[in-house]
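Colleague: So that we are looking at the same thing, I have put the structure below in structure tokens.
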Amino acid sequence: MTALEKATGDVVLKFEPFVLHVLCQELQDAQLLHSVAIDSGFRNSGITVGRGGKITMAVRSTHCLEVPLSHKGKLMVSEEYIEFLVHVANCKMEEN
């Protein structure tokens, strides 16, 4: 709260979800890992094949949060709401 009171610009509370990049030797390996990730609840997971044939499997969580708190130095939400957001972000961290 002290930092928010001193802010002169825009402040955003942002929680980034878990991401794990795995380099795979074969496409079948990436597909198997992708299936396991999806079945485990990591719905934003995907496979990327680079120009040189490099196969990367990204395991991604969906637990993200981005909420503006202040604009041009003016607090736009209550302290109670910020405490609620911190609780939500901490729960998302636990789920991650």
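The values are calculated or read from the model by the stated rules, or taken from the named source; none is laboratory data. Here the structure is a predicted model, which means the values were calculated and not measured. Because the Cβ atoms are built from the backbone with ideal geometry, glycine has one as well, and the counts that use them run over all protein chains shown. We work out accessible area using only protein heavy atoms, side chains counted, and drop any ligands, DNA or RNA first. Shrake-Rupley method; radii C 1.70, N 1.55, O 1.52, S 1.80 Å.
Colleague: Which residue, Gly73, Ala37, Thr56, has the largest displacement toward the positive end of the dipole of the chain when charges sit on each Cβ (Lys, Arg +1; Asp, Glu -1)?
Modeller: So the residue we want is Thr56.
Colleague: Related question: Treating the angle as unsigned and between 0 and 90°, give the value, to the nearest 10°, between the Cα long axis of helix 79-95 and the longest Cα principal axis of the chain.
Modeller: Long axis of 79-95 versus the principal axis of the chain: about 20 degrees.
Colleague: Oh, and also: Remind me, what semi-axes does region 1-83 give for its equivalent ellipsoid, largest first in whole Å, using sqrt of 5 times each Cα gyration tensor eigenvalue?
Modeller: So the equivalent ellipsoid measures 40, 14, 8 Å along its semi-axes.
Colleague: In Å², and per residue, what accessible area does the chain have when probed at 1.4 Å with the other protein chains present?
Modeller: 72 Å²
Colleague: Still on this structure, please answer the following. Return one number: the angle in degrees, 0 to 90 and rounded to the nearest 10, between the long axis of the Cα atoms of helix 27-39 and the longest principal axis of the Cα atoms of the chain.
Modeller: 40 degrees
Colleague: Shifting gears a bit: May I ask for the distance between the Cα centers of region 8-52 and region 68-83, given as a whole number of Å?
Modeller: Going from one Cα centre to the other spans 32 Å.
Colleague: Here's a follow-up. Which value in nm describes the separation of the simple spin-label points at Gln25 and Ala3, placed 7 Å from the Cα toward the beta carbon?
Modeller: The answer from the label model is 4.4 nm.
Colleague: Further, regarding this structure: Nearest 20 debye, what's the magnitude of the dipole of the chain about its Cα centre given +1 on Lys and Arg Cβ and -1 on Asp and Glu Cβ?
Modeller: Computed about the Cα centre, the dipole is about 440 debye.
Colleague: Then there is this: Using heavy-atom solvent-accessible surface (probe 1.4 Å) with all chains present, what is the largest-first order of Phe42, Phe18?
Modeller: Phe18, Phe42
Colleague: Roughly speaking, what is the stretch gain from Thr56 to Asn90, that is 0.36 nm per residue apart minus the C-alpha to C-alpha distance, in nm to one decimal? The partial results should precede the final answer.
Modeller: Details: separation 34, 0.36 × 34 = 12.24 nm, distance 2.91 nm.
Stretched fully, the Thr56-Asn90 segment lengthens by 9.3 nm.
Colleague: Round to a whole number: what % of the accessible area of region 18-62 belongs to carbon and sulfur, probe 1.4 Å?
Modeller: 53 percent
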